[in-house]
Structure formats: C-alpha cells, structure tokens
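Reviewing the structure listed below.
The values are calculated or read from the model by the stated rules, or taken from the named source; none is laboratory data. Fair warning: this is a prediction, and the values are worked out from it, not measured in the lab. A quick note on method: Cβ atoms are made from the backbone with ideal geometry, for glycine too, and the neighbour counts reach across all protein chains shown.
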Amino acid sequence: METPSQPQIDLDNIGPEVRSYIYQAMLDFQPFTTSSTQVAVVAKDPMKLLKLEEYLDQDPKLLRKSWRISIALSEDGTQIEEEAVHEDIYVAIRLAKDKLVKTLTEIQDQIISSQDRVIQIKTALDGNQMH
C-alpha cells in the first residue's frame with residue numbers, strides 16, 4: 001500500500017480493502033450522478049497545505065503522516081471537488097465523501113427550492129392558488 005509521501009492513489013497498487021472501501025463510498029454519489037459522470041479519488045501531497053493560512057499552525061510532522069484525499073465528480077466540463085485530511089486513509093476518504101455529499105445535497109436543495117418558487121410565481125400569475 002502507498003504512503004502519504006506517494007501522493008497518488010493508483011487503484012492497481014492499493015490493497016483490496018482500501019479499493020473496496022472507495023468503491024463502496026462512491027455508491028453514496030449515485031443519487032447525484034448520471035451514467036456519464038466521472039469520479040476521481042486522488043491522494044494529494046498534504047505538505048502543500050502548509051502554504052495555506054488555515055494550516056500555518058499545523059505540525060508538519062503530523063501532516064506528513066496524514067492522507068489528503070480529494071474526491072471529484074465531473075461531467076460535461078463541470079467539476080465539483082471536496083477534500084479531507086486525516087492520518088487514517090479510511091477516515092480521510094469518508095470525510096471527503098461526506099463533505100462532497102453535503103455540498104451536493106445543498107446544491108440539490110437550492111435547485112428544488114428555486115423550482116418551487118418558479119411554480120409558485122407561475123401559479124400566482126395564472127390567478128390560481130396553491131394548496
């Protein structure tokens with residue numbers, strides 16, 4: 001299995017347990033995807049986070065031992081991505097997945113809410129009342 005110093009998850013070179021966990025985690029994206037949606041799970045270099053203000057106080061030794069996992073969904077030229085950092089690869093995958101599901105749910109709720117408003121406006125303009 002790879003270590004955090006090798007910042008790319010190669011599904012051919014990781015253990016079957018991690019591969020299985022990734023595939024299982026990806027099932028949570030099914031309500032938000034189509035058959036043409038591409039999913040990418042990438043391990044990035046956690047040390048590059050030290051350049052960001054929110055990680056300035058982070059202990060580099062701890063960060064070096066951590067996994068920085070990014071999960072991205074892309075389709076038709078658009079992409080949405082979330083990432084998480086943790087010393088346990090399974091936890092990092094779960095945290096990144098949970099963040100992405102939360103973001104997708106928020107987007108979906110906004111779209112549904114906007115559609116409801118359009119229906120209400122159209123109904124009001126037509127002189128009908130909604131029950």
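Assorted remarks:
- Among the conditions (1) surrounded by fewer than 11 Cβ atoms within 10 Å (Cβ to Cβ); (2) closer than 27 Å to residue 29 by Cα, the only one that residue 121 does not satisfy is (2).
- Any hit, region 103-113, residues being part of a helix (DSSP H, G or I), under 14 Å from the mean Cα position of the chain (by Cα) and of a type outside the set (Val, Ile, Thr): yes
- Counted residues, region 46-80 - those being over 19 Å from residue 18 (Cα atoms) and free of Cβ contacts under 8 Å to residues at least 40 places away in the same chain: 22
- As a summary of the residue check, residue 56 satisfies the conditions (1) of a type in the set (A, V, I, L, M, F, W, C); (2) out of contact with any Pro (no Cβ under 7 Å at 6 or more places or on another chain); (3) closer than 29 Å to residue 107 by Cα except for the one numbered (3).
- Among the residues of region 1-40, those identified as modelled with pLDDT of 90 or more and assigned to a loop (DSSP other than H, G, I, E, B) are 33, 34, 35, 36, 37.
- Here the condition is being crowded, with 17+ Cβ neighbours inside 10 Å and either of a type in the set (A, V, I, L, M) or touching a Ser or Thr at 6+ places or on another chain (Cβ under 6 Å) (or both); of 89, 80, it holds for 89 alone.
- Residues located in region 62-82, provided they are among the hydrophobic types (A, V, I, L, M, F, W, C) and part of a strand (DSSP E or B): 67, 69, 71, 72, 73, 80
- Residue 98 vs. criteria surrounded by fewer than 17 Cβ atoms within 10 Å (Cβ to Cβ), at pLDDT below 95 and out of contact with any Phe, Trp or Tyr (no Cβ under 6 Å at 6 or more places or on another chain): no
- Residues in region 46-75 that are within 18 Å of residue 92 (Cβ to Cβ) and basic (Lys, Arg) were compared, and the one that is surrounded by the fewest Cβ atoms within 10 Å (Cβ to Cβ) is 61.
- Flag if residue 85 is part of a strand (DSSP E or B), β-branched (Val, Ile, Thr) and in contact (Cβ under 8 Å) with a residue 40 or more places away in the chain: no
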